[in-house]
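I have placed the structure first, in the form of structure tokens, so that the comments after it can refer back to it.
Bear in mind that the values in this text are calculations on the coordinates, not laboratory data. For clarity, every value in this text was computed on a predicted model and none was experimentally measured. Cβ sites come from the backbone with ideal geometry, for glycine too, and all protein chains shown count toward neighbours.
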2 protein chains.
Amino acid sequence: MNPNDGFRELARQECLRLMATVPVGRIVYTRRALPAVLPVNFGLDDDGTVLLRTSATSELVRAIDGAVVAFETDDVDADRHSGWSVVVTGTATVVTDPAEHECLSRTGPDSWVPAQRELFVRIEPELVTGRELVGGRTLYGVGPTA
Amino acid sequence: MNPNDGFRELARQECLRLMATVPVGRIVYTRRALPAVLPVNFGLDDDGTVLLRTSATSELVRAIDGAVVAFETDDVDADRHSGWSVVVTGTATVVTDPAEHECLSRTGPDSWVPAQRELFVRIEPELVTGRELVGGRTLYGVGPTA
């Protein structure tokens, strides 16, 4: 706990544990030179690799393949002014290995819609950061050190 | 409704109406050349201007003042595979006019923590986009045209 701002930095394993409790996160990337953000459901490997299941024709895939992106999850109780947020930052890559694709088709995140020519995207957990808010103490993300 | 992907584009006024129903959004910006995202509470003007209240010493302020940022809100029901997301994209600027600062101190978003030397940041609604998901139809954000 930092006494100046009222939030607690989370260790990597705590970040990954919290991420696994929510079904939807937000991928942050650049589209046409502008910041872009999109909610998506996701899977999470034990090592923190984020897995997305999308369509080969997706604009998202064209924008993020090979790029460094951020993937954010959070759970905030606005009434209690408490909650947490976790961000995984790393390179996004389309899974091209047929064996890995086949494995992910069975074990990876579900698709919420049947799509043709599905692809999987991995986001490497090069940086995993998170913080927990203590109820009634701080403005979420807009505290003095945000 | 686009029959190919199962989500419905939202008109600007509908986007703003939905944004006003949630207390927390996520500001998307660039920090040290990396994509960054942070949940924050916010206020919303009738014209779609997003208002944040933060500290003069905030790292966030240094990163976003004068930059184009995205501000995302959403509300997703993962069980029903339905919900919506809205993104406001525009230039963030610190409010420097004393009269406007005084006005926002009374009418702007609350701070969840007492902070010294508070600042307000405006995000101009240069682009307002949103979409609604229809239950059971599509993967949120990872549909064929995402």
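Numbers at a glance
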quantity: Exposure proxy ranking, count of Cβ atoms within 10 Å, fewest first, for B:T96, B:T89, B:T54, A:T91; calculated: B:T96, A:T91, B:T89, B:T54
quantity: Label zone at B:T107, where the point sits 7 Å out along the Cα-to-Cβ direction: the range B:30-53 residues whose backbone N lies under 13 Å; calculated: B:44-47
quantity: Which of B:I64, A:I27 has the fewest Cβ neighbours within 10 Å, and the rest in rising order; calculated: B:I64, A:I27
quantity: For B:94-104, mean number of other protein chain Cβ atoms within 10 Å; calculated: 0
quantity: Teacher prompt: B:R8 distances to equivalent labels in other copies, 7 Å Cα→Cβ, nm; calculated: 4.3
quantity: Inter-copy label distances at B:D97 (7 Å, Cα→Cβ; nm, one decimal); calculated: 5.8
quantity: Sites matching chymotrypsin sites (Phe, Trp or Tyr not before Pro) across the range A:1-68 that sit in DSSP coil, with at most 12 neighbouring C-beta atoms within 10 Å; calculated: none
quantity: Nearest-to-axis residue of chain A, judged by beta-carbon position, where the axis maps A onto B, in Å; calculated: A:V28, 3
